[in-house]
Amino acid sequence: MAKQAHAIKRGIQSSPLKMRIVLDQIRGKRVPEALSILHFTPNHASIVAEKTLRSAVANFQMDPENARFDVDELYVRECSADGGPVLKRVLPAPMGRAFRVRKRSNHLTIVVGDEPMGTVKKARKKSSASRVAMAKSISSAASAKKASKAKQAESAVAAEAETSTSENE
């Protein structure tokens with residue numbers, strides 16, 4: 001089982017869409033690479049994401065079982081920005097009207113772990129005898145299917161020939 005830790009930052013005053021643009025750059029990368037990307041990205045969202053990523057790494061290191069893991073070997077397994085509460089404000093508009101302003105916020109979740117997301121454990125190799133048997137069964141099934149299609153075609157041709165001879169008489 002892969003070891004992992006997470007950090008959550010709630011109520012960030014930026015839209016979830018702007019945060020997701022930054023998170024797409026670091027998803028699945030190693031932690032040092034992700035930190036350097038966030039540090040040199042000029043968005044406000046990257047500052048908050050960098051702090052949250054550092055918090056997730058610190059949470060990972062706090063577990064005594066994870067003390068032997070090096071920070072350089074950690075991966076950003078998951079990161080998501082979900083919508084938070086929306087502040088609704090009113091902006092004066094021409095001719096006595098008012099426009100509604102929606103100030104969005106988001107909740108940021110970052111999960112770090114010792115393995116990247118989506119790694120699949122290797123299955124045991126099958127013996128060559130079972131591969132040969134499987135190949136034979138597939139080829140026999142394919143040849144049986146071809147034979148049945150050929151019989152159907154022959155019967156269709158025979159039926160067509162019978163109808164044409166009966167029409168000629």
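Values in this text are rule-based calculations from the coordinates and carry no lab data. Model, not experiment: these values are computed from the prediction. For neighbour counting, all protein chains shown are included, and Cβ atoms are generated from backbone atoms with ideal geometry for every residue, glycine included.
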Approximate spin-label separation residue 33-residue 144, in nm, with each point projected 7 Å along Cα-to-Cβ: 4.9 nm
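Grab the Cα-Cα distance for residue 88 and residue 71, subtract it from 0.36 nm times how many residues apart they are, and report the gain in nm with one decimal.
Values: separation 17, 0.36 × 17 = 6.12 nm, distance 4.16 nm.
My answer for the length gained is 2.0 nm.
What order do you get for 23, 87, 35 when you list them from fewest to most C-beta neighbours inside 10 Å? Mind showing how you got there, number by number?
Working: 23 23, 87 11, 35 19.
By the 10 Å Cβ count, ascending, the order reads 87, 35, 23.
Which ordering of 14, 143 is given by a fewest-first count of other beta-carbon atoms within 10 Å? Write out the running numbers ahead of the final one.
On the way: 14 19, 143 10.
With the fewest neighbours first, 14, 143 line up as 143, 14.
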Can you put 19, 117, 95 in order, fewest other beta carbons within 10 Å first? 95, 117, 19
Tell me, what is the FRET efficiency for residue 97 and residue 62 to the nearest 0.05, using R0 = 35 angstrom and their Cβ-Cβ distance as r? 0.05
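Filter the cross-link list 51/88; 18/103; 29/103; 3/29 down to pairs whose alpha-carbon distance in this structure exceeds 19 Å. Before the final figure, lay out each step's value.
Values: 51/88 28 Å; 18/103 13 Å; 29/103 31 Å; 3/29 16 Å.
Beyond 19 Å: 51/88; 29/103.
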